[in-house]
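Here's the structure, in C-alpha cells; my notes come after.
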Amino acid sequence: MEIVQDKLKISIAYTLKERTGKILEEVPANVPFVYIHGYNNIIPGLEDALNGRHLNESFSVDIPFEQGYGPYRPDLVMEVPKEELREVGEIWLGMELEMFMDDDVREFQLPETPDEFVDGLNLDDDGESDGIYTIKEIKKETVIVDGNHPFAGKDLIFDVTVVAIEQPSFTELESGFPEGEENFDNGFDDFDEDDFDSNNPNRRWR
C-alpha cells in the first residue's frame with residue numbers, strides 16, 4: 001500500500017502554521033498522528049489534500065478556515081452557573097466538556113468516546129450549539145466556556161509527510177478510529193493541570 005485512499009490507516013507527521021509563519025502545532029514522524037482515511041475525522045481541507053498522496057511524500061497545503069476549523073462564532077462563548085456543572089465533578093481551566101440541549105435544558109458531561117468527541121466539535125456554522133466546550137475562565141459562581149475550536153477562524157498551512165500507510169483491522173474499520181483510540185477517556189485520570197497545553201496534538205482537536 002503506497003497511496004493514501006479511503007479505508008486505510010494513515011500516519012502523518014506535520015507542522016501546522018498560521019499564514020504569518022507562526023507555528024501552532026508540531027507532530028514528529030516518530031510520534032505521528034494516525035487516522036483512518038475517508039471517515040471525516042480530520043478537517044476536510046487536510047483530508048482532501050492527503051487523498052492520493054504517496055508513502056513518504058512531503059507537501060504543503062494552504063487551508064482556508066472554511067475547509068479547516070470553521071469560522072469563529074461568538075455565540076459559542078457563554079457564561080454558565082457552576083451549578084450546571086455539578087454532575088461533572090472537579091473542573092479546571094482548559095477542561096473539555098460536551099454540551100447537550102434538550103427542550104431548552106442544557107446539560108454538560110465528559111465525552112466518553114472518540115466518535116462522540118469528533119462529532120461534537122463545532123467545525124461549521126450550522127447554528128447548532130451542542131458540542132465540545134472548553135473552560136476558559138472560572139469565576140466565583142459561574143464559568144466561561146467556549147465551543148469554538150482553538151484554531152477557528154484561522155487560515156492555516158500544513159507541512160505534511162506521509163510516514164505510513166497500513167491496512168486497518170476490522171475493529172478499526174468498524175469504529176473509524178485506530179486501535180487504542182476506542183478507550184478514549186480524555187486522559188482525565190492522569191491529568192496534571194500544570195502540564196495542560198491547548199495545542200497538545202493528543203487533544204484530538206482535528
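Which one is farthest from the chain's Cα centre (by Cα) among residues in the range 36-61 that are polar (S, T, N, Q) and modelled with pLDDT of 95 or more? Can you show your working first?
Narrowing the range 36-61 to residues polar (S, T, N, Q): 40-41, 51, 56, 58, 60.
This time we only want the ones that are modelled with pLDDT of 95 or more, so: 51, 56, 58, 60.
Working: N51: 20, N56: 24, S58: 23, S60: 20 Å.
Among residues in the range 36-61 that are polar (S, T, N, Q) and modelled with pLDDT of 95 or more, the one farthest from the chain's Cα centre (by Cα) is N56.
Cβ-Cβ under 9 Å, sequence separation 6+ or interchain: first residue in the range 74-99 and over 19 Å from P150 (Cβ atoms) and free of Cβ contacts under 8 Å to residues at least 40 places away in the same chain, partner assigned to a strand (DSSP E or B) and acidic (D, E). Which pairs?
Final answer for the pair search is E84/E107; E87/E107.
Of the conditions (1) modelled with pLDDT of 95 or more; (2) outside any strand (DSSP E or B); (3) open to solvent by less than 30 Å² (accessible area, probe 1.4 Å), Y69 satisfies every one except a single condition; which number is it?
(1)
Hey, does the range 91-111 have a residue that's open to solvent by 90 Å² or more (accessible area, probe 1.4 Å), modelled with pLDDT under 95 and at positive phi?
yes
Does the range 73-90 hold any residues that are open to solvent by less than 80 Å² (accessible area, probe 1.4 Å) and assigned to a loop (DSSP other than H, G, I, E, B), and which are they? Outline the logic, then answer.
Step one: filter the range 73-90 for residues open to solvent by less than 80 Å² (accessible area, probe 1.4 Å), giving 73, 76-78, 80-82, 84-85, 88-89.
Answer for the range 73-90, where residues must be open to solvent by less than 80 Å² (accessible area, probe 1.4 Å) and assigned to a loop (DSSP other than H, G, I, E, B): R73, V88, G89.
The values are calculated or read from the model by the stated rules, or taken from the named source; none is laboratory data. Keep in mind it's a predicted model, so treat the numbers as computed, not measured. Counting neighbours? That spans all protein chains shown, and the Cβs are built from the backbone with ideal geometry, glycine included. Just so you know, the surface numbers come from the protein's heavy atoms only, side chains and all, with ligands and any DNA or RNA stripped out. Shrake-Rupley method; radii C 1.70, N 1.55, O 1.52, S 1.80 Å.
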